[in-house]
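Student: Here it is: the structure, laid out below.
The values are calculated or read from the model by the stated rules, or taken from the named source; none is laboratory data. Values in this document were obtained by computation on a predicted structure and should not be read as measured data. Here the Cβ positions follow ideal geometry from the backbone for every residue, glycine too, while neighbour counts run over all protein chains shown.
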Amino acid sequence: MTVLASIRDLTVTYRRDGTEVAALKNISLDIAAGERLAIIGESGSGKSTLALAIAGLLPAPSRIDVWIEWPGLGRVPLGGRDIGFVFQDPSASLDPVMPIGQQIAEVARTHLGLTWPQAYAKAKNLLERVRLPDPDSALLAFPHQLSGGQKQRVAIAAAIAAGPKLLIADEATSALDTIVQAEIVTLIRRLVAEDGMTLLFISHDIALAAELAERIAVFRHGQLVELGATARIVDAPAQPYTRALLDAHIGLDAEPLLNRSGLAT
Amino acid sequence: MSLLTVSNLTKRYPRGGKSIAAVDDVSFHIDPGETLALAGPSGSGKSTIARLVLRLIEPDAGRIEFEDNDFLALSGASLRARRARLQTVFQDPLAAFNPRATVARVLDDPLRIHGIASRSERPRRIAALLERVGLAAELASRAIHEISGGQRQRVAIARAIATKPSLIVLDEAVSALDVSVRGQILHLLLDLQRQERIAYLFISHDLGVVRAVAHRVILLDAGRIAESGDARAVIDAPRSAIGKALLAAAPRLHRTRP
Ligand SMILES: Nc1ncnc2c1ncn2[C@@H]1O[C@H](COP(=O)(O)OP(=O)(O)OP(=O)(O)O)[C@@H](O)[C@H]1O
Ligand SMILES: Nc1ncnc2c1ncn2[C@@H]1O[C@H](COP(=O)(O)OP(=O)(O)OP(=O)(O)O)[C@@H](O)[C@H]1O
Ligand SMILES: [Mg+2]
Ligand SMILES: [Mg+2]
C-alpha cells in the first residue's frame, strides 16, 4: 500500500470573537493512494475541518498544528491541481455570471498550461465524462440554467479538470434526490477508478458512505473515534458511539416511529 | 372533516419562452393530527405546493380549504388569524431568522404579533415553549448564531407551535440534521402531534424517514401525483415508475448483526 497522505497529530483551533474552538484534536491517519475513504460523524465533529486542513484551505484566523506528509505525491500539494474539492452546494463553487465551459477551461488552463482552444476542448471532454446532456450547448450555459444535479456534475468536472490525485467530496450529494444522488455516486466511483484517484467522501448518510467507501473513519467532538474496513465498522463497530450512529440510521426497513393510534380518527 | 383540502391546484412558471406547470392539477386532503408526506425527485413541485399552501405564492388555478374556510379568498385580519393556525419550519433556520436575534426575541414575535400573550405574560410563555421542545430556559438569552443546528431547529419548532397551529408545513426540515439529532427532532414532532393533534405536511427526499413518520405519502413527478397511499404500503411496494426508481436508487445499510 502506498500512502498518499500521512496525517500526524493534526490539531486545528478556530478563533472567533476572542474565543477558541478546538475543531480537531490530535488526529493521526493515513490515506492510502487509490482508496475510497469515508468520513462520518455528527454535525460539528470536524469532518469539514479535516477536509479543509488536507486541502490547505482553512480560513486565516485558525491555528493549525499539523504534520501532513505526502509520500504518494513527493511534494506539497497544490490546491486545485493536486486536490479537487466538491461541496454540498455546487453554487458555492460555481461563478453565477460565467459560462460553465469557461469556468472549467480556466482550471485546465491555469494548472495544465493549455491554450484556450485546448482548454475548451478539455472542458467539453469533461462535460461528456460527467455525462451532461448536450455538452456543446452546456459549455455556453450559466449555472442557473441547470438543475441541482446538473450543477453538481459541472462542479465535479471542474474539480477533476486538472487531474488531481485526491478528490474530496464534502456532503456533495446531500441535497439531491435518491436518483440523482445514485447517479453522482456512480459517477464519482467511475472517475476515481478510471483516473486512479484517491477519494475522501464526507457524509452524514452512513448507508451512502458504506455503499461507496472501502474504509470508514468515524469522528466525534474533533476526535477520531475509530477507523476500519467498511464491513467491519458496519457489522462489528468497536466503539459505542459508532454503534449509536448505526442504530440512529432510519433505513427503509426501520421500525416506524409513528404510533398509529396517535391518529385521531 | 378534513383539516386541509386542496383541489385541482395548478401553478405555472415561464421557462424559455414557454410555460411549465410546476404543480399540475394536484388534489389531496389532510386530516387533523395526520402526517401527509410529499416525496419525489428534485423539481417535482414539492416546495411549490408548500408555498401555495402557506399562501406565499398564488396558484393559477385550484382551491384550498383550510379549517372550513376558502383559504385563497381570505385577506387582511381574517387571513392573519387563520395564518396563526398554519405554521412552517424551514430547512435552515439560520437563514430564516436574524442570526443576531436572541432566542427569546424569536419566540416573542409570534406571541406579540398574534396577540397571544400580554407583555408581562410573555417571558413565562417563552420559558414554557422552550421546555416544551426540550431546551433549557437559559438558552433564551443566547443569540441564534450561538446555538447548535439541532438547538436552532428546536427553536424553530417552538416558534411554530407558539400560535397553537393545527397544521405545520415541514419542507426538508430535518434533512440538514445529523442522524442522532434528527431522530430526537422527529420524536419531538410526533410527541407534539399526539398531544396537540397537530397535522404535518412533511416534505423529504429521505424515503426511510417518510416511511417511519408519515401516515400517508404522495409521490410527485413533474408536478403531478404519480402515486399515493399508506406510507408504508407505497414505500414497501411502489407501483409508479418514479416510485420504483426512487426506491431502487435509495442507499441501503446492510448490517448482518444489528
Ligand atoms: N470558520 C469557523 N470559525 C469558527 N469555528 C468554526 C469554523 N468552522 C467550523 N467551526 C467549528 O468547528 C467545529 C467543527 O466544525 P466542522 O465544520 O468541521 O464540522 P462538520 O463535522 O463538518 O459538521 P457538519 O456535519 O455540520 O458539516 C464546530 O464546532 C464548528 O462550529
Ligand atoms: N420562482 C420560480 N420561477 C421559475 N420556476 C420555478 C420557480 N420555483 C420553482 N420553479 C420550477 O418549478 C419546478 C418545481 O420546483 P420545486 O422547487 O417545487 O421542486 P421540489 O420538488 O421542491 O424540488 P427539490 O427537491 O429540488 O427541492 C422546478 O422545475 C423549478 O425549476
Ligand atoms: Mg461539514
Ligand atoms: Mg424543494
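Student: Report, by residue number, each residue of the range A:164-191 that is of a type in the set (A, V, I, L, M, F, W, C) and in contact with a Phe, Trp or Tyr (Cβ under 6 Å, 6 or more places away or on another chain).
Tutor: A:168, A:169
Student: Next up: Conditions first: (1) within 11 Å of another protein chain (Cβ to nearest Cβ); (2) assigned to a helix (DSSP H, G or I). Residue B:251 passes all but one, so which condition is the exception?
Tutor: So the condition that residue B:251 fails would be (2).
Student: Also, I was wondering about something else. Of these, B:126, B:168, which one is away from chain A (no Cβ under 14 Å), without any contact (Cβ under 8 Å) to a residue 24 or more places away in the chain, crowded, with 16+ Cβ neighbours inside 10 Å and not in a loop (DSSP other than H, G, I, E, B)?
Tutor: The conditions single out B:126.
Student: I need a count of the residues in the range B:8-51 that are in contact with a Gly (Cβ under 6 Å, 6 or more places away or on another chain) and assigned to a strand (DSSP E or B).
Tutor: Number satisfying all stated conditions: 7.
Student: In addition: Hey, residue A:79 hits all of (1) more than 17 Å from residue A:22 (Cα to Cα); (2) touching a residue at least 60 places away in the same chain (Cβ under 8 Å) but one; which does it fall short on?
Tutor: The number of the failed condition is (2).
Student: So, of the residues in the range A:184-207 that are closer than 21 Å to residue B:254 by Cβ and not β-branched (Val, Ile, Thr), which turns out to be surrounded by the most Cβ atoms within 10 Å (Cβ to Cβ)?
Tutor: Applying the filter and picking the extreme gives A:201.
Student: Hey, another quick one. If you take the residues of the range B:224-243 that are small (Gly, Ala, Ser) and outside any helix (DSSP H, G or I), which of them is nearest to the other protein chains (Cβ to nearest Cβ)?
Tutor: Across the range B:224-243, the extreme among qualifying residues is B:237.
Student: Determine which single condition residue A:174 fails, assuming it passes every other condition in (1) within 8 Å of another protein chain (Cβ to nearest Cβ); (2) touching a Pro at 6+ places or on another chain (Cβ under 9 Å).
Tutor: Going through (1) within 8 Å of another protein chain (Cβ to nearest Cβ); (2) touching a Pro at 6+ places or on another chain (Cβ under 9 Å) one by one, residue A:174 breaks only (2).
Student: Sticking with this structure for a sec: Determine which member of the set B:27, B:75, B:19 is more than 16 Å from ligand 3 (Cβ to nearest atom) and touching a residue at least 12 places away in the same chain (Cβ under 8 Å).
Tutor: Exactly one of B:27, B:75, B:19 is more than 16 Å from ligand 3 (Cβ to nearest atom) and touching a residue at least 12 places away in the same chain (Cβ under 8 Å), namely B:27.
Student: Sticking with this structure for a sec: Checking the condition surrounded by 17 or more Cβ atoms within 10 Å (Cβ to Cβ) and either within 14 Å of chain A (Cβ to nearest Cβ) or not hydroxyl-bearing (Ser, Thr, Tyr) (or both), which residue from B:76, B:45 passes?
Tutor: Within the list B:76, B:45, the selection yields B:45.
Student: Related question: Considering A:119, A:51, A:55, which residue is away from ligand 1 (no atom under 16 Å from the Cβ), buried (at least 16 other Cβ atoms within 10 Å of the Cβ) and among the hydrophobic types (A, V, I, L, M, F, W, C)?
Tutor: A:119
Student: Another question, then. Return the residues of the range B:199-223 that are over 25 Å from residue B:177 (Cα atoms) and either within 8 Å of another protein chain (Cβ to nearest Cβ) or at pLDDT 95 or above (or both); say none if nothing qualifies.
Tutor: Matches in the range B:199-223: B:221, B:223.
Student: Now a separate question. Pick out, from the range A:101-215, the helices (runs of 4 or more DSSP H) lying fully within it that include 1 or more residues that are more than 30 Å from residue A:76 (Cβ to Cβ) and within 16 Å of ligand 2 (Cβ to nearest atom).
Tutor: Ranges flagged: A:148-159, A:178-195.
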